[in-house]
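Asks: Input: one structure, supplied below.
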Amino acid sequence: MSSPSAPEGRFASFEAFYPYYIHEHSNRTCRRIHVVGTSLVIAAFAAFLVTRNPWWLLAMPLVGYGFAWVGHFFFEKNRPATFKYPLWSLMGDFRLFFETISGKRRF
């Protein structure tokens, strides 16, 4: 199966990017690790709101990217989309997370 590609190297919209994002997360273990990482990001943000300790804000990208990159480098064996599409990749992480916890996407 070929990967959805961007016209002239860039995607025109997030909706055009998302099928590419999903293709780059074909490995079930990688997707699971992403969901765990995004859960920890949300938990770190909640901890920040409760404690007002700014260290929780620092923890957010560390756990989020840490888990995601382990998924890509060791299981998916590809380069994270974050490097080329940082905002859309972050949006994709949260969409994947909510699709998974709502049952729209297999965990």
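The values are calculated or read from the model by the stated rules, or taken from the named source; none is laboratory data. Since the model is a prediction, treat every value here as computed from it, not as a measurement. FYI the Cβ positions are ideal-geometry reconstructions off the backbone, even for glycines, and counts take in every protein chain you see.
Asks: For the stretch 19-69, name all the residues that are among the β-branched types (Val, Ile, Thr) and over 16 Å from residue 90 (Cα atoms).
Replies: If the condition is that a residue be among the β-branched types (Val, Ile, Thr) and over 16 Å from residue 90 (Cα atoms), then 29, 50, 51 are the ones that fit.
Asks: Could you go through the stretch 46-56 and let me know if any residue there is modelled with pLDDT of 95 or more, within 22 Å of residue 11 (Cβ to Cβ) and not basic (Lys, Arg).
Replies: Checking the stretch 46-56: not a single residue is modelled with pLDDT of 95 or more, within 22 Å of residue 11 (Cβ to Cβ) and not basic (Lys, Arg).
Asks: If you scan the stretch 81-103, which residues turn out to be in contact (Cβ under 8 Å) with a residue 24 or more places away in the chain and either of a type in the set (Gly, Ala, Ser) or touching a Phe, Trp or Tyr at 6+ places or on another chain (Cβ under 9 Å) (or both)?
Replies: Hits for the stretch 81-103 are 81, 85, 88, 89, 91, 92, 93, 95, 96, 100, 101.
Asks: Just need a number here: residues in the stretch 51-73 that are under 20 Å from residue 32 (Cα atoms) and either loosely packed, with under 12 Cβ neighbours inside 10 Å or of a type in the set (A, V, I, L, M) (or both).
Replies: Total satisfying the criteria: 6.
Asks: Could you please find all residues in the stretch 95-107 being in a helix (DSSP H, G or I) and of a type in the set (Ser, Thr, Tyr)?
Replies: Within the stretch 95-107, 100 is the sole residue that qualifies.
Asks: Tally the residues that are surrounded by fewer than 17 Cβ atoms within 10 Å (Cβ to Cβ), part of a helix (DSSP H, G or I) and under 13 Å from the mean Cα position of the chain (by Cα), restricting the search to the stretch 74-94.
Replies: 5
Asks: Which of (1) touching a helix residue (DSSP H, G or I) at 6+ places or on another chain (Cβ under 6 Å); (2) surrounded by fewer than 16 Cβ atoms within 10 Å (Cβ to Cβ); (3) without any contact (Cβ under 8 Å) to a residue 40 or more places away in the chain; (4) not aliphatic (A, V, I, L, M) is the odd one out, the single condition residue 48 does not satisfy?
Replies: Only one criterion is unmet by residue 48, namely (2).
Asks: For a quick check of your reading of the model, give me the residue pairs whose first member lies in the stretch 8-21 and is more than 14 Å from residue 81 (Cα to Cα) and in a loop (DSSP other than H, G, I, E, B), whose second is modelled with pLDDT under 95 and not charged (D, E, K, R), with beta-carbon atoms closer than 7 Å and at least 6 apart or on different chains.
Replies: Partner pairs satisfying both residue conditions: none exist.
Asks: On the given criteria, is residue 103 closer than 24 Å to residue 12 by Cα and of a type in the set (Gly, Ala, Ser)?
Replies: No: the conditions fail for residue 103.
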